[in-house]
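Trainee: Before we start, here is the structure in question, set down as structure tokens.
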């Protein structure tokens, strides 16, 4: 199948199947014929760096910059570590005094903050925990809950940073295991007594 080369500016070009030349608005005198053999050679060598200069194809090897690839991998794993941290910090906290897991999603955190700043809590305020049971919420319990959330979150942020630094030193960032060192999260049916 014969092809035609349409040279464009700055070494760019387009290949046109001769059978479809009528679809192009080009000056036919500027087109260069290409044999089937030349076309086959071109197809095996061409990449996005190939240009057409002075009537010939110039094939360039694609340069792979290992530093750029490693940086992209590191960025990808750091994003995954941050996502893991976010998931863990929203996975609940265990409050020892009542032996219950409390929600730590954004909505629950806002509610805890609102309750903390109230001068006093409504009497007999019952709060649903992660195992669907209820506990009486008191000011001391709200304070303990807030401190537990804060401590777990600080530990998880420190753990994420530890993993980030270790991952940056890893030969292959994609194989770095960042699964250890996180705070425990609620698992249905698990006990912490």
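Read-outs throughout are calculated quantities, based only on the coordinates presented, and are distinct from any laboratory measurement. None of these values were measured; they are calculated from a predicted model. For neighbour counting, all protein chains shown are included, and Cβ atoms are generated from backbone atoms with ideal geometry for every residue, glycine included.
Trainee: Could you list, in sequence order, all residues of region 144-179 that are within 15 Å of residue 93 (Cα to Cα) and either more than 28 Å from the chain's Cα centre (by Cα) or free of Cβ contacts under 8 Å to residues at least 12 places away in the same chain (or both)?
Mentor: 144, 145, 146, 147, 148, 150, 151, 154
Trainee: Among the residues in region 85-96, are any loosely packed, with under 12 Cβ neighbours inside 10 Å, closer than 30 Å to residue 143 by Cβ and in contact with a helix residue (DSSP H, G or I) (Cβ under 9 Å, 6 or more places away or on another chain)? Full working, then the answer.
Mentor: First, the residues of region 85-96 that are loosely packed, with under 12 Cβ neighbours inside 10 Å: 96.
Then drop every residue that is not closer than 30 Å to residue 143 by Cβ, which leaves 96.
Now drop any that are not in contact with a helix residue (DSSP H, G or I) (Cβ under 9 Å, 6 or more places away or on another chain), which leaves 96.
Scanning region 85-96 turns up at least one residue that is loosely packed, with under 12 Cβ neighbours inside 10 Å, closer than 30 Å to residue 143 by Cβ and in contact with a helix residue (DSSP H, G or I) (Cβ under 9 Å, 6 or more places away or on another chain).
Trainee: Ok, one more. If you take the residues of region 132-143 that are assigned to a helix (DSSP H, G or I) and crowded, with 16+ Cβ neighbours inside 10 Å, which of them is farthest from the chain's Cα centre (by Cα)?
Mentor: Residues of region 132-143 assigned to a helix (DSSP H, G or I): 139-143.
So of that shortlist, the ones also crowded, with 16+ Cβ neighbours inside 10 Å come out as 141-142.
Numbers: 141: 37, 142: 34 Å.
Looking at residues that are assigned to a helix (DSSP H, G or I) and crowded, with 16+ Cβ neighbours inside 10 Å, I get 141.
Trainee: Separate question: So which residues in region 103-124 are outside any helix (DSSP H, G or I) and out of contact with any strand residue (DSSP E or B) (no Cβ under 6 Å at 6 or more places or on another chain), if there are any at all? Steps first, please.
Mentor: Keep residues of region 103-124 that are outside any helix (DSSP H, G or I), which gives 103-105, 118-124.
Correct list: 103, 105, 118, 119, 120, 121, 122, 123, 124.
Trainee: Let me ask another. Would region 8-23 turn up any residue that is assigned to a helix (DSSP H, G or I), touching a residue at least 12 places away in the same chain (Cβ under 8 Å), out of contact with any strand residue (DSSP E or B) (no Cβ under 8 Å at 6 or more places or on another chain) and surrounded by 11 or more Cβ atoms within 10 Å (Cβ to Cβ)?
Mentor: So far as region 8-23 goes, no, none of its residues is assigned to a helix (DSSP H, G or I), touching a residue at least 12 places away in the same chain (Cβ under 8 Å), out of contact with any strand residue (DSSP E or B) (no Cβ under 8 Å at 6 or more places or on another chain) and surrounded by 11 or more Cβ atoms within 10 Å (Cβ to Cβ).
Trainee: Could you tell me which of the residues 128, 180, 99 is surrounded by fewer than 16 Cβ atoms within 10 Å (Cβ to Cβ), out of contact with any helix residue (DSSP H, G or I) (no Cβ under 8 Å at 6 or more places or on another chain) and closer than 30 Å to residue 66 by Cα? Working first, answer last.
Mentor: Numbers: 128 fails: closer than 30 Å to residue 66 by Cα; 99 fails: closer than 30 Å to residue 66 by Cα.
Matching residue, one of 128, 180, 99: 180.
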